[in-house]
Every structure is written in C-alpha cells, then in structure tokens.
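To keep things clear, I will list the structure first and then write my remarks on it.
The values are calculated or read from the model by the stated rules, or taken from the named source; none is laboratory data. Computed from a prediction, not measured in an experiment: that's the story for all the values here. Counting neighbours? That spans all protein chains shown, and the Cβs are built from the backbone with ideal geometry, glycine included. The accessibility values were calculated without ligands, DNA or RNA, using every heavy atom of the protein model including side chains. Shrake-Rupley method; radii C 1.70, N 1.55, O 1.52, S 1.80 Å.
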Amino acid sequence: MTLAELQELHSLPFFNLLKRAREVHEKFWPDGKIQLCTLLSIKTGGCSEDCAYCAQSARYKTELESHVLLEREEVMKHARAAKDNGSTRFCMGAAWKGVRGGTKRFEQVLDIVRDVATLDMEVCVTLGELGPEEAARLRDAGVTAYNHNLDTSPEHYPNIVTSHTYEDRLRTIRHIQDAGISVCCGGILGLSETITDRLRLLEVISNFNPQPESVPINSLMPMPGTPLAENPQVDPFDLVRMIACARIAVPGAKVRLSAGRTRLSDEIQALCFYAGANSIFYGEKLLTAENPEAEKDRALLAKLGLQTLEPNPSLAAPQADPFSPASPAPDGAQQTCGHSQATANCC
Ligand code: SAM
Ligand code: DTB
Ligand code: SF4
C-alpha cells in the first residue's frame with residue numbers, strides 16, 4: 001500500500017476503519033483463532049547497540065540483570081513448558097548486534113534450535129543482523145521464522161538508533177527471505193513518532209515481497225535508565241487504529257498484539273482482536289519485561305469466545321509474488337520511487 005492509501009484509511013471515522021479491517025480479517029482468517037507464542041531471552045543484556053527503548057543496551061544504566069547464553073537444557077525446559085501451556089510458537093531472543101558463522105556462540109544457538117525444533121512448535125529466533133550463510137544454517141537447523149523489527153519509519157529511525165541503520169535491518173530481512181525463512185517484522189508505538197511515521201512503517205512492510213508472515217505491534221514499555229523512560233503511554237485507540245491498518249495492509253500476516261499488554265484494559269485488547277490482531281505473547285514474561293498472567297489471558301480469551309490455534313510446525317515461508325516489483329532491496333540499494341526520502345524499501 002502507499003502512504004496516501006494508508007493515510008486515507010487511518011483518517012476514517014473509528015468504526016468505519018474497524019469495519020474495513022474486520023472484513024479483511026474475516027476473509028483472510030475465517031476461523032478467527034488466536035496464536036499463542038512464548039518468548040524466552042536466551043542471552044540477556046550487555047548489547048552493543050543504542051536502541052533508545054531497550055533495557056538490554058549496554059549504553060544505558062538500566063535495572064536489568066544480564067546473563068550469558070543459556071544452556072540447551074535450560075532452554076528446552078522453557079520450550080517444553082511453553083508447549084504444555086498451549087503455545088504453538090517459541091521465540092528465542094538474544095541481545096546481540098548480530099550473529100556470525102564460525103563463532104562458538106552461533107554454533108551453540110544452532111544446537112539449541114535443533115533441540116527446540118524436535119518439539120513440533122514453530123521455532124522463531126531474533127538474534128540481530130545476519131548474512132546469507134547464517135540464515136541458511138538457521139533454516140537447516142529448524143528455524144521457521146525470524147523476528148527483525150524495523151520499529152518505526154526510515155525517517156524517524158535515526159532518532160531512535162544510531163549504531164546501525166534502517167538499511168542494515170532491511171538487508172538482514174532480505175537474507176532471511178532468501179533463505180526461505182518466514183519474516184516477522186513490525187514496530188513499536190510510543191517512540192515519540194508521528195502518525196505519518198507509523199504509517200510509513202506499514203508502507204515499507206506492506207511492500208515487502210513476499211509480505212511478512214507476522215507483524216508484531218509493540219507498545220513501548222518504558223524502561224528506567226533508557227532515553228525513552230519518560231515517554232507517555234500511547235492512546236489505546238491509536239493502537240487499535242494501527243492494528244486495523246496493519247490488518248488491511250498485510251492481510252495474510254498474523255498481526256501480533258505484542259509488548260505493552262499489561263497496561264491495556266480487557267476492553268481495548270478485545271477491540272484489538274476485533275480489528276485484526278490474531279496472536280499474542282503468552283506467559284508472564286516477554287524477554288525482560290512483564291506480560292499479563294497466563295491465567296488472565298486464558299480468562300479473557302474465554303470471555304470473548306476466542307479459540308486458540310493448533311500447532312503448525314511445517315509452516316511454509318510466504319512465497320514472493322513474481323508480479324510485484326516491491327521487495328526489500330539487498331545491500332541497502334536505493335529504489336527510485338520519487339519519494340523525497342526514498343529508502344531501499346520505499347514503494
Ligand atoms: N537484538 C535483536 C534485535 O534488535 O532485533 C533481538 C531482540 S530485541 C529486544 C526485539 C524487539 O523487541 C525489538 O526490535 C523491539 O521492537 C522490541 N522491544 C525491545 N524493547 C522494547 C520495549 N521497551 N518496549 C517495546 N518493545 C521493545
Ligand atoms: C517483538 O516484536 N516483540 C517481542 C519479540 N518481538 C521479540 C519482544 C518485546 C520485548 C519487550 C521488552 C522486553 O521484554 O525487554
Ligand atoms: Fe540490542 Fe536488540 Fe536491544 Fe537494540 S533492541 S539494544 S539490538 S537487544
């Protein structure tokens with residue numbers, strides 16, 4: 001979708017936007033089920049990057065307790081518990097700038113992935129930047145999806161992160177797609193961005209070819225010690241609008257109502273599900289931050305009559321549309337779409 005189309009959608013009266021999103025949701029996701037995913041931080045804190053929202057950056061004095069890469073058995077214990085609790089996707093995060101083949105830690109991650117893959121859940125990892133060889137090796141080890149968020153618009157990104165670029169993120173996404181791994185790519189609301197920044201993010205993501213398999217929409221969880229610690233909470237109605245726009249812009253993707261649910265009422269979460277969110281992170285912890293109690297989530301889903309998704313371990317990555325010109329360009333190459341601040345993925 002273009003920015004103009006997204007702006008037109010976003011400026012609809014609230015219920016008209018919801019109606020449009022609901023129609024798309026019912027067409028693409030007729031069973032209306034919600035996917036439960038569990039997160040585990042396998043390596044916490046001490047990250048070289050300066051992402052202004054993140055408690056795991058070594059640049060800020062945060063209250064976080066760091067830990068080195070977890071042992072395989074420890075990870076398996078969490079993964080088995082996640083499966084027993086009904087999660088169909090297990091997502092492991094590491095506070096790294098990225099991973100490189102030939103290093104001990106990458107080999108250790110591959111061993112962990114091989115083990116988790118035996119449990120028949122979707123296996124997602126988020127390890128930062130990687131190249132084509134690393135992507136292929138992760139795929140061969142059993143990774144089905146890779147989370148790599150763009151977080152905000154290309155224009156606002158340098159205000160939030162300076163230690164790597166938007167183009168670096170796009171390059172990694174291209175490597176993941178080329179390896180045939182599903183891409184999970186979304187953003188965060190509450191980074192002092194404008195509505196235009198939010199819609200530019202959706203413009204970029206919706207023009208991926210193939211479109212991502214999942215789009216997490218996080219609300220900033222302000223972390224003491226980070227530059228954004230005092231940012232105000234996003235208006236919950238703006239979150240619902242963003243979910244609705246994401247549902248329409250990326251109709252075949254799971255739209256994941258991600259970080260920040262502890263500050264959302266049941267009623268707002270219900271509106272998010274109505275507007276097209278069909279996945280949540282489930283369990284008391286995200287990576288480092290808190291998440292609603294599993295029991296509370298089960299009660300909410302039951303109250304709404306929402307069923308949860310069964311396992312789909314053979315998840316195939318979305319295929320590129322050969323007739324669509326849009327795609328994340330490799331190596332940060334510029335496309336000539338005419339926008340004043342065109343990026344590799346613009347239009
Ligand atoms: N280091 C890897 C990376 O940057 O891709 C993976 C881990 S990183 C913590 C995963 C994602 O969590 C980020 O891209 C960001 O979107 C989200 N995130 C991190 N801290 C957050 C916060 N305080 N509030 C909301 N979302 C956050
Ligand atoms: C995503 O978009 N959100 C999740 C997952 N992908 C890796 C992470 C949220 C992290 C929230 C802050 C924390 O737990 O430290
Ligand atoms: Fe590091 Fe990822 Fe946090 Fe950025 S978001 S500081 S890359 S862990």
Gain on full stretching of the segment that runs from S48 to S265 - 0.36 nm per residue minus C-alpha separation
74.6 nm
Interchain or sequence-distant (5+) residues whose placed amide H lies within less than 5 Å of the amide H of E129 are G98, V99
With a 1.4 Å probe and all protein chains left in place, how much of the accessible area of the stretch 274-314 comes from carbon and sulfur atoms, in whole percent?
52
Rolling a 1.4 angstrom probe over the protein heavy atoms, how many square angstrom per residue are accessible across the chain?
42
Space enclosed by the convex hull of the alpha-carbon atoms of the stretch 139-275, per residue, Å³:
123
Calculate what fraction, in whole %, of the accessible area of the stretch 83-209 sits on carbon and sulfur atoms when a 1.4 Å probe is rolled over the protein chains.
45
Calculated P(r) tail over 20 Å for the stretch 74-148, as whole % of Cα pairs:
24
Tell me what the chain gives for mean residue ellipticity at 222 nm when only DSSP H runs of n ≥ 4 count, each as -39,500 (n - 2.57), the sum divided by the residue total, rounded to 500 deg cm²/dmol.
-11000 deg cm²/dmol
Treating only the Cβ atoms of Lys and Arg (+1) and Asp and Glu (-1) as charged, compute the dipole magnitude of the chain about its Cα centre; round to the nearest 20 debye.
280
Can you tell me the convex hull volume per residue for the stretch 1-117, based on C-alpha atoms, in Å³ to the nearest whole number?
202
By per-residue mean of other Cβ atoms within 10 Å, what is the highest-first order of 69-78, 41-50, 192-201?
192-201, 41-50, 69-78
How large is ³J(HN,Hα), in whole Hz, for each residue of the stretch 200-217 in order, when computed from phi with the Karplus curve 6.51 cos²θ - 1.76 cosθ + 1.60 and θ = phi - 60°, using x for Gly and Pro?
5, 4, 5, 4, 4, 5, 6, 9, 4, 10, x, 5, x, 7, 8, 10, x, 10
Globularity index of the chain, i.e. its alpha-carbon radius of gyration over 2.2 N^0.38 Å
0.92
Explain nothing, just the number: relative contact order of the chain, from Cα pairs under 8 Å at least 6 residues apart, as a whole percent.
23
If you take every residue apart from T152 with its C-beta less than 13 Å away from the C-beta of T152, what net charge results, scoring Lys and Arg +1 and Asp and Glu -1?
-2
What number comes out for the charge environment of F14, summing +1 per Lys or Arg and -1 per Asp or Glu over other residues with Cβ under 13 Å away?
+2
